[in-house]
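Okay, structure first, notes after.
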Amino acid sequence: MEDEIGKLLKVWISIWICLGYCYGVGNKIGEGFTRFLFIFPVICIFLYLPLNLHSLHLGGLTAFFVAWLANFKLLLFAAGQGPLATTGMSIAEFCAVASFPIKIKQIPPQKSSEPAGNGGAATVIDPKSNQNHRESPFNYAVKILLVAALVKAYDYTHILPQKLVWFLLCFHIYFILDLSFAAASAAVSHGGTIELLPLFHHPYLSTSLQDFWGRRWNLAVTGILRPVAYRPAVSTATKLIGPRWAPLAGVAATFLVSAAMHELMFFYMSRQWPPPTWEVAAFFVLHGGCLAVEMVAKRLWIDAWKMPPLPAAVSVPVTVGFFFWTCFWLFFPPFINTCKADVRVVKEYEIFGAFLKNNIIPTTFFPSK
């Protein structure tokens, strides 16, 4: 554990040094291809750095923060877009926003060019609106206890039904992502100028795939995929097929990029070679296709046939059930069979518990005289 933590510190020091360099590039070189050429080596370094970590938790989260989110933010920054292009940022704020799913508070409220979910007019984004999605410390404490209970349950995987183990793993991923993002935000927030981007918004209440992927699940990824994949694809498709069906091209591009990046994240966690079976990518391609079909069906059902939307009592179980069914089919098997996530999670928590017991707790509560 000490060796892995040492590597983690070296990796993140390297990340912040690279981001400091990118901050300087942004101050000296205008947006465009030249800035991209100067930033491109950092993007390559960020793809390499997570390979130095072998822990499922530390390595997986670092890969997600850096190889995916930070690299996409740097690509947008090269074009003068995205959260890193905000004027007046200090180098500390630049590094924090690039590294973690946070943003600089903006006052007054801004208008968003994104259409509302029903295709209506642009909406006003209030900087205080994220507080509606924020959870209380009590909720986070409950989630920590639930993670501990899940880890204990993994001791009985030899007698539990396989589908139940996969179901528990789904909640484990949900809780770990939520807790990790909140901890990262708390670690770097200062002076009230930085706030956490909401990550989840009650995904178990999703009434459709569009609602699930666009408004409730992993909103940090949704927020970065919109400018990187969705908007460029919609803009190009609008010129070719018109604005009515252009969003379908945006959905296709978004889920293809998401599929490729999730496959990369799976490689960082499993280090499988030769290349994987692409089951993880197939999961997102399938959901992208189903979401496109859903969008067409909604237009026919509501706009053309003037039928009312399905009640939540029907749409929520169908949506959540479809998500879990596809997870059991495509997403979880490689995590269990190839990545050995259930075994590695238990082992890593045992090692971390021993590390705390032997190093942190004695020096904190029983300091030597």
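The values are calculated or read from the model by the stated rules, or taken from the named source; none is laboratory data. Predicted, not measured: the structure shown is a model, and the values here were computed from it. All Cβ positions, even for glycine, are placed from backbone atoms using ideal geometry, and neighbour counts span all protein chains on display. Surface accessibility is based on the protein's heavy atoms, side chains included, excluding ligands, DNA and RNA. Shrake-Rupley method; radii C 1.70, N 1.55, O 1.52, S 1.80 Å.
So the values come out like this:
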read-out: Accessible surface of Val234 - all protein chains present, 1.4 Å probe, nearest 10 Å²; value: 30
read-out: Segment 31-78: equivalent-ellipsoid semi-axes (sqrt of 5 x gyration tensor eigenvalues, Cα, Å); value: 24, 10, 4
read-out: Cα coordinate range in segment 221-317, projected on the principal axes (Å, largest first); value: 52, 38, 22
read-out: Separation in nanometres of the label points that stand 7 Å from Cα toward Cβ, at Ile302 and Phe38; value: 4.6
read-out: Distant alpha-carbon pairs in segment 3-94 (separation over 17 angstrom), percent; value: 47
read-out: Net +/- balance of residues flanking Met295 in space, Cβ distance below 15 Å, scoring K and R +1, D and E -1; value: +1
read-out: Leu310, Leu61, Leu225, ranked by accessible area, largest first (probe 1.4 Å); value: Leu310, Leu61, Leu225
